[in-house]
Every structure is written in structure tokens, then in C-alpha cells.
Amino acid sequence: MTEILAHLSGVNRTYQKGKEKVEVLHNLDLDIPQGDFVAIMGPSGSGKTTLLNLLGGLDKPSAGSVRVGDAEISAMSNSQLSHWRSTNVGFIFQFYNLLPVLTAQRNVELPLLLTKFNAKERARRAAIALDIVGLSERAKHYPRELSGGQEQRVAIARAIVSDPSLLLCDEPTGDLDRETADEILKLLQLLNSEHGKTIVMVTHDAQAASYAKRTLHCDKGTLEVREAA
Amino acid sequence: MRAIRQILAVTWLNLRNLPRRLGTSVVAVVGVAAVVLVFAAVLSMAKGFEKTMVAAGSDDTAIIMRKGSTSELNSGLSNDQVLIIANAPGVFKDGNVPVMSAELYVVVDVKKKSNDGDANVPFRGIQPGAFAVRKDVTIADGRMFEEGKNEIIVGLAAQREFAGLATGSTIHFGQTEWSVVGSFDAGGSVSESELWTDVRVLQNSYRRGNSFQSVRVKLQSKESITELEAALETDPRIDPDVMTEKEYYSSQAAPLSQFIKVIGYPLTVLMAIGAIFGALNSMYSSVSVRGKEIATLRALGFGPIAILFSTIIESTLLALTGGLIGGGLAFLVFNGFQVSTLNSASFSQVVFDFAVTGDLLVDGLSVALIIGVVGGLFPAVRAARLPVAQALREL
Amino acid sequence: MKYFRLVWKNAWRKKIRTSLTVLSVFVAFLLFALLSAIGQAFEGGADVADADRLVVIDKVSLINSLPMSYLDRIAAVDGVQSVTHSSWFGGYYQDPRNQFAQFPVDPSSFMAMYPEYKIPREQLDAWAKDRTGAIVGQELATQYGWKIGDQIPMQATIWTKADGGRTWEFKLDGIFSTDDPRGSAAMMLFQYDYFDEARAFGKGTAGWYILRVKPDADPIQVARTIDAQFANSPSETKTSTEAAFAQSFTKQFGNIALIVSLILGAVFFTLLLVSGNTMSQSVRERISELAVLKTLGFDDRTVLGIVLSESILIMMVGGMLGLGVGWIAVQGLAKELASFLPGLFLSPAAMMLAVAFMVGAGILAGIFPALKAMRLSIVDALARA
């Protein structure tokens, strides 16, 4: 019996759209065990990203509870959430979202600014993270000097540098060609198997989803579980 | 012709999307407005002061003082010398009587209304001829002082600026009590800053015996000044400085107006440089916001010259708008604003109004124009050189 | 401090825009430095004043002289430690434009009254013995190239000599300076005895008296006693502290400080607009990046701080440069204009005020963009990108 890392129960999320209420997630229950690699698929507007945001503490449920590890994050204040995010989750975005004014190394160090580590320790840890993603030799380059795949690797290094147990990926390969996408997905697999990261990945792409241990299909605010292909 | 049509078309397009860049455009306009406002305000002080001093001076009145004295306050003339001057050639005579006024000029401490501080207010003893040797001096209110009595009349500007000088009141200078029996209008000239009384009374109360400090005489004509000067210069009994009243007052005005200009012009230049940076910022952001639009226009066949000029025109229009606002504000707020200051040349107070004159406003608008053209030039060059293909791909 | 790199890099993201903003801030603080030095020149007299010195002038007007007999009568007043006198000479050197202050004084008592004027002992002694000798401030000696031993002819505008001459010739016996950076020694001092004997009129009078009160005496009380003593005489007096005397002079010029502050107000208003605009442009462009920072766990206050620091940084860079160049310029101008506008000085208080303005303007310019950044909803911002 593996330990449950994330536990959602009875989660509702509604948005006010003009005068209309739109229910994005409806009475959702979900358990994600430690060490899982879940792909979430579904059409646009099905609530995939909302689910990811809830898991990462970027958004709060309208009803129900979200628990990650020991933390009841649906009950946290904004600043508690900020602090929690800095050590417990890593985010990976479709468009990498690196800061253009900083080098790869400095981008990776960014989350460590929130810790008590000194400059030397921050540099050491960032170097390790860059090494894991295989980009050590590009440490001094600025984002505009990197290819899309390299930028995404830097973003992944940034996500793992503070050693969070949960990685949340929103269409991580959506902007990449097939070959590069496969490399990134293999890297995620590696992080899952070798480094024990629990990964939740939202994707449109069935081939990307095939790298996950299992795939959840999201539709009209509910989830349907299918085994990985 | 085609070029002009293109420029107009592109300029029109630029101005149409001005609201999208309202923030930066407003900043540029306000920046220029502030420059022109400060420029006009500071220099209107110099202008107003000069105007007050020049208004007092006439070409056909000569003023005679002891040689070497830089102002009436420093001068001294005996009664005998005054008589020599009165009978010198070139002096206009009404019948047989020379038109002249021998005067005594002292300063007294009176409180300023604005800051309750002591002010060196000029107190002049005059002879009846004083009105004839000065143009446009008339009793505005009350009556003329009576000869031999401790009575004073007060310039309108002095009455507004200094405390305790209302017609009908009494005021103490030292041991002597004076009654303010009237006020006089001198067309806004420097005389209006003064208090006047009978010269004999002033001599007594200041223990000056029968001495004077200056003599003003009406000249037969403007040219008579040379005749008068030659006669007095060669007379061994007297060692005078002879000049027209106009010369005298412009020399009195020079140090202070020089001072204001020495401060005012560099100030304007520095502020204008600051405003040019503001205009540059605004125009660079205008060019970068319109990058795609400019590229599209170029692709459609508009020439780089049209793009260049339209950008400069836009910046110039913004700057001129700012200039008009700044100049207008300066005119509304400062024009006619009355102040008084110590004119170091005469060691006494001069009351004057700020004068935001037409040529000052034209100068201000020229400054705005320069800011606009310079602020638009570099961004315009960048806009004209924009690589079309690349700009179209971006965004 | 660890955020400095991020703040610095962000500030220079758009080099042209930031440079232009920095330059306008630079100009603003350069102006601040120059204008406050000019303001100081007008108002600074009161700052250098000695609280224990009183000035006695004629009640009706400063231009009226007081009888020399007052010297002993003032000295006899209770609480007066020492007294000296001075008069206005009002001459010029060679050209009427070369005007500076000249005072006929009593050398030993005058220099004892003003210990801030430093002069070598032997020069003072030489002057005290030399009836037609004079000493000048360092500024004047530099400006006119005078050396000790030079004959300096001064043209009188008021004081003709008894023989009818207007040229007073003095031998330069010494050069003095003031040790107070706010003060000025742009003046010429010569012997009263010679002046009084040679002048054509006004003999036996002094322009004003300066006295020092005893340390335990109340200056206000002393002033009242003196004025009461001369009340109802032909020459009534007005006694005030040196500071009040200097202030009354400043007030004569009108409200220079007000005019200076109005100009500075216009400058700062413009400056705030320019930099506030830069900041809000810059924040607008960076919405998604700020959202990423928040995603990474930067809390609201840190994001607020980062944006505010950027604004303050831009102000500080431009402001310090402007203040520095202004300081250098004031040093230079103070030398150049020593006799035209003495007392040009950028005071430490004005510099502190400038730094406070930089921080304040930085906060004002950055606060709205920073609040906007702080309140940013991550979900919306990321969705927009």
C-alpha cells in the first residue's frame, strides 16, 4: 500500500462568467499516491488546468478539500500558500516562462532566493539541478540563446531545484517538436523513477500521456480513470 | 506632393491611435508644459521688473547726481549746486521758471504685508516740479500733501505691498509722525513703490540741512542733454553725473534682471533637457507600440520618409500642446502677480508685477518646439529603419 | 540584498527607456542641488550667525548712521561682553560692476568679534599698525589677483574725501578666510580711524554696532535694555540677534524660498510622472513573469518589494549622479561667483533631503504598479500569457 500524496475530496470549482456561473469541476474525488506519474487528458475547458492549479495551490476550490502531503492547502492563506509552494511543488509550463533578463543558472537559482541558503550554496544546488537535466554547459546562457527544448530543461531544473515532492506540468511539450518532446518526457520519466518525484501532467497529446503510469480523462468537470496504454 | 500626402496619411493614423498610448503621451505633454511654465514664470519676473524700471524713465528728463554715486541714495548735492543746475542751458523753462525738482532720497523701514518682514521702502522728498518732470504721475486718491507739513502721499504699488500706508492713517518713522493724505498713480512705474513728501520737511526730519541728493530737470528736447552735460562738466563749482532718467533707471535695473536671467536661462535649458528625455521615452514607446502597423504600412508601399516625418510631427504636436498649456498656465497664474524685492542697486524696495509678455510666450513655444523635434528625431529614425519582414513576423 | 541582481536586471531590461528615465531623474536632482545652493546663499546668513552676537542699527533705517558716542554707552550695558562697530563704504574697484562689501572697522575689536575670520597673527598686527592698510577675504584676493603689499584704489560712491577726491587707496596688509563652508569672506576691511578723518561728512558716526553678550546673559534682555537706553533720542536703535538681522535681510528680497520650492515642485511633479509612467509600462510588460515568480512561491510582499525596489533603484541611480554632479558644480560655482553671489553652498541637510526625495519619489512612482503586481491573480495572469 503506497502512501497517498495528494487527496482531493468533493472539490467544486465554479467561476463567475458575466452573469452566468460556470462549474468547471464538479464534486471531484481524486487520490494521487506518492511516486505516481499521472497524465490528465481532456478537451479544452474541461478543467484540466484548473485541477492542476488547485493541486499547486494557485487556486482554491469553491467547495471541498485539497490535501497535499500533510497540508490542507485549500484552507491556507495566500502567503501561507506562497511559502508552501516554494518548497513543495515545482511548476513546468508550456511556454517555459523563464525570466529573459537572467541566465539559465540564475533562473534555476530563483526559487532558492526564498530559502536561507547563501549564494554559494544556491549556486551549487542550481548546478546540480542543471546537471540532472543535462544542461550544465549552458548555465551562462540567456533564455533567448537557448532552443525550446533547452529552455524547457532549464524550466524543469528550476522546478526541481528546491527538491519538491510534487511536479505539476501544464502541456510541457505543447510547444516542442516530436523528437524534443520525447526527450523532455523521458527526462520526466527519469525524475519520476530515479528521483521519486510525483508528477501530474496535463496534456492534449496521447503519445505524451503514454509516458505516464496512468491517464485520467477529464470531461465536463468529472474524471474518468483509465489505465495507461 | 505624393510624399506630403503619405506623411499626412501616416500622421493621421498615428494620431488616431494616440488614445492607446495615452499614459506616455500625457507624460510628454505635461513634461513640456512644466518646462514652459517654469521658463515663463522665472523670466516674467525679469520682464516685469524691467518694465517697471523702464516705464519710469523718460528721454527728455535728465537726472543729475554727484559724480561717482551709483544711485540717488549715495549722492549728495548742495543747495548752491542745485541752483547752478536749475539755471544751466538745456533746461526747459515754463515762462521764466525752470521745470525741475531737487529731491532727497532716504529709505525707511516699513513692514511687508506678505511676510511681516522689514522692508527698505524709498522715502522721497520732492519739490512741486516733481509732477512736471515725471510723466503720468497723478493723485489717485485723497489729496496732495501740504508744503511744510508732516504729510506724505504714497505710491499705489507701495500701498498695496506694505502695511500701514492706507490713505488717512498715520505712521511713525523714528520720532516723527506722518499722516498719509493721499496716494498717487505712476502708471506702474518704479515711482509707485515710493513715499513722497515735501523735500523741506524731509530735510528737517533727517537733519540734512539744505542738501539734496538728485535733481531732475525737464529738457528742452532730447538732444539738450549734451548741452546740459557740457555746461555742467566745465563748471568748476560742481562735479556731476548727468544722464537721462531712462539711462539711470536701466542701469538701476540691470543687476537684478541680469541675476534673474543668469538663473532663469540655465534653469530652462536643464529642464528642457529633462523634458527631451520624457519626449524621447514617449516617442520610442509610440514607435514600439506601432511596430507592426509601421511594418504593414511599409509593406503597402509607404516610404520611410513618410514614417520619419509623421513621427516627428506627432512629437512636435505633443510638445506644442504642452507648450501651450504651460504658457497658458503661466499667463493665468503669474501675469500681474505683484511682488516686491530689494533692488540691490538702490538698496530699496521695488514693487513690480510679473509680466508674461507675448514675446516670452513665443520664446516658450520655441523651447517646446525644440523639445518636440529633438524628442521625435531619434525615434523617428528608428521607425523609418524598422526591418519590415522581421516586424511583421513579431506579434 | 539577494534580490538585487533580479531588481537590477529588471530595471535595465529596456536600456533606452531606463537610461532616459535615469537621465531625467539626473537632471531633476542636478537642479535640486543648484537651486538649494542658491536658496542657501539667500537664506544661509542666519545659519552662520552667532547666537551670542547682537546687531544694533538705527531704528528708522539701516542707512542712517549712529553717533560714535554709543560705543561706550553700549559697552556699559549690563550683560555686554564686548562691542565693535562697522559701516557701509559701498565703493567699487576699477569698474562699478566690481562690487563687493567694504567696511571701515576697528581692526582688533572687530576681528576679536568675528573669530571665524582666520588671519595670520603677523598680518593682523601689521594691519593694526598701518593707518591706510586693508585686509581682504581670500575669495577677493583670488578673484582680483591681489597680493600682500599691493596698493588697491577704491572708488567711493558715497564717501567723498574732505579734499573732494573719490579715490581711496589702501595697502593690502593681509588676507583672511572663513573656516565655515557656508560663510563668505568676500569683503574688504580697512581702518575706521583713517576713514573717519578723511571723509567729507558724517564724521563721528558708525553704521552699526555689533556686540557680544556675556555667556550667562539673556540676549533678548540685553537688546531691550540697549533700545530703551536710546529711546526718544534723535537716533533710536533697533537691536536684534545676528540671525534675526540676517533673516530680515532675506525677507527684503521677497520669498525666494517660496519661488525656489515652486520651481522644484514643478520639476518633481514632472519627474514623478516620467518615472511613474516608466514603471507602469514596465510592470504591464512583465505581468506573466511576475505571475511566474508568485507561482514559484514568492509571496505578495516580496513581489511588491521587488517592483518598488526597482523604482527606487532607478531614482537612486539618477538622483545620486545628479546630486554628485550638482555638488561638484556648486563647488566650482561658489568659487566663480564668490563676489557676485556669496554663500553658495550645498548643505548636508539639503543632501539628506535629496536622498529622502529619491526614496520618496521612488515609492510614489512605483507604488501603484507594485500594488498592481502584488494583487495580480496568478491564474488570470498565466491564462493571459
The helices (runs of 4 or more DSSP H) lying wholly within the range B:278-395 that contain at least 2 residues that are more than 30 Å from C:Ile158 (Cβ to Cβ), within 34 Å of the chain's Cα centre (by Cα) and in the same structural domain as B:Val106 (by TED's automatic domain parsing) are none
Among (1) in a helix (DSSP H, G or I); (2) out of contact with any Ser or Thr (no Cβ under 9 Å at 6 or more places or on another chain); (3) not hydroxyl-bearing (Ser, Thr, Tyr), which single condition is A:Leu168 missing? (1)
Pairs, please: C-beta under 9 Å, at least 6 apart or cross-chain, first residue within 14 Å of another protein chain (Cβ to nearest Cβ) and closer than 11 Å to C:Leu54 by Cα and in the range C:210-239, second surrounded by fewer than 21 Cβ atoms within 10 Å (Cβ to Cβ) and among the hydroxyl-bearing types (Ser, Thr, Tyr)? C:Thr239/C:Thr225
I'm trying to understand the selection: among the residues of the range B:238-254, which are part of a helix (DSSP H, G or I) and surrounded by fewer than 18 Cβ atoms within 10 Å (Cβ to Cβ)? B:Glu247, B:Ser250, B:Ser251, B:Ala254
Filter pass, B:Ser179 being buried (at least 23 other Cβ atoms within 10 Å of the Cβ) and either outside any helix (DSSP H, G or I) or small (Gly, Ala, Ser) (or both): no
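So that you can scan it fast, the table gives a plain yes or no per residue for (1) farther than 19 Å from C:Val25 by Cβ; (2) surrounded by fewer than 17 Cβ atoms within 10 Å (Cβ to Cβ); (3) more than 14 Å from chain A (Cβ to nearest Cβ):
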site	(1), (2), (3)
C:Phe269	no, yes, yes
C:Met279	no, no, yes
C:Leu290	yes, no, no
C:Val303	yes, no, no
C:Gly319	no, no, yes
C:Glu336	yes, yes, yes
Positions within the range C:257-288 being in contact with a Lys or Arg (Cβ under 9 Å, 6 or more places away or on another chain) and in a helix (DSSP H, G or I), in sequence order: C:Thr278, C:Ser280, C:Gln281, C:Ser282, C:Val283, C:Arg284, C:Glu285, C:Ile287, C:Ser288
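Do you know which of the residues in the range C:233-256 that are among the aliphatic types (A, V, I, L, M) and either closer than 30 Å to C:Ser69 by Cβ or not in a helix (DSSP H, G or I) (or both) is modelled with the lowest pLDDT? Walk me through it before giving the result.
Here is the first cut: in the range C:233-256, the residues among the aliphatic types (A, V, I, L, M) are C:243-244, C:246, C:256.
Add one more test, that the residue is either closer than 30 Å to C:Ser69 by Cβ or not in a helix (DSSP H, G or I) (or both), and what stays is C:243-244, C:246.
On the way: C:Ala243: 84, C:Ala244: 84, C:Ala246: 81.
Across the range C:233-256, the extreme among qualifying residues is C:Ala246.
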Got a sec? Which of A:Ser46, A:Ser65, A:Ser82 is of a type in the set (Gly, Ala, Ser), within 20 Å of the chain's Cα centre (by Cα) and within 14 Å of another protein chain (Cβ to nearest Cβ)? A:Ser82
Working only within the range B:249-260, note down all residues that are touching a residue at least 12 places away in the same chain (Cβ under 8 Å) and within 13 Å of chain C (Cβ to nearest Cβ). B:Ser251, B:Gln252, B:Ala254, B:Pro255, B:Leu256, B:Ile260
Evaluate the following for C:Val77: is it out of contact with any Pro (no Cβ under 7 Å at 6 or more places or on another chain), within 14 Å of another protein chain (Cβ to nearest Cβ), closer than 24 Å to C:Asp227 by Cα and part of a loop (DSSP other than H, G, I, E, B)? no
Would you pick out the residues in the range B:168-193 that are more than 14 Å from chain C (Cβ to nearest Cβ) and charged (D, E, K, R)? B:Asp185, B:Glu192
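Can you tell me which residue within the range C:164-192, out of those that are in a loop (DSSP other than H, G, I, E, B) and without any contact (Cβ under 8 Å) to a residue 24 or more places away in the chain, is surrounded by the most Cβ atoms within 10 Å (Cβ to Cβ)? Outline the logic, then answer.
If we filter the range C:164-192 for residues that are in a loop (DSSP other than H, G, I, E, B), which is where we start, we get C:164-166, C:179-186.
Then keep just the ones that are without any contact (Cβ under 8 Å) to a residue 24 or more places away in the chain; that gives C:165-166.
Working: C:Gly165: 12, C:Arg166: 19.
Restricting to residues being in a loop (DSSP other than H, G, I, E, B) and without any contact (Cβ under 8 Å) to a residue 24 or more places away in the chain, the top hit is C:Arg166.
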Breaking point among (1) more than 14 Å from every other protein chain (Cβ to nearest Cβ); (2) over 26 Å from A:Thr2 (Cα atoms), for A:Val38: (2)
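The values are calculated or read from the model by the stated rules, or taken from the named source; none is laboratory data. Keep in mind that what you see is a predicted model, and the values were worked out from it rather than measured. When we count neighbours, we look across all protein chains shown, and the Cβ atoms used for this are built from the backbone with ideal geometry, even at glycine.
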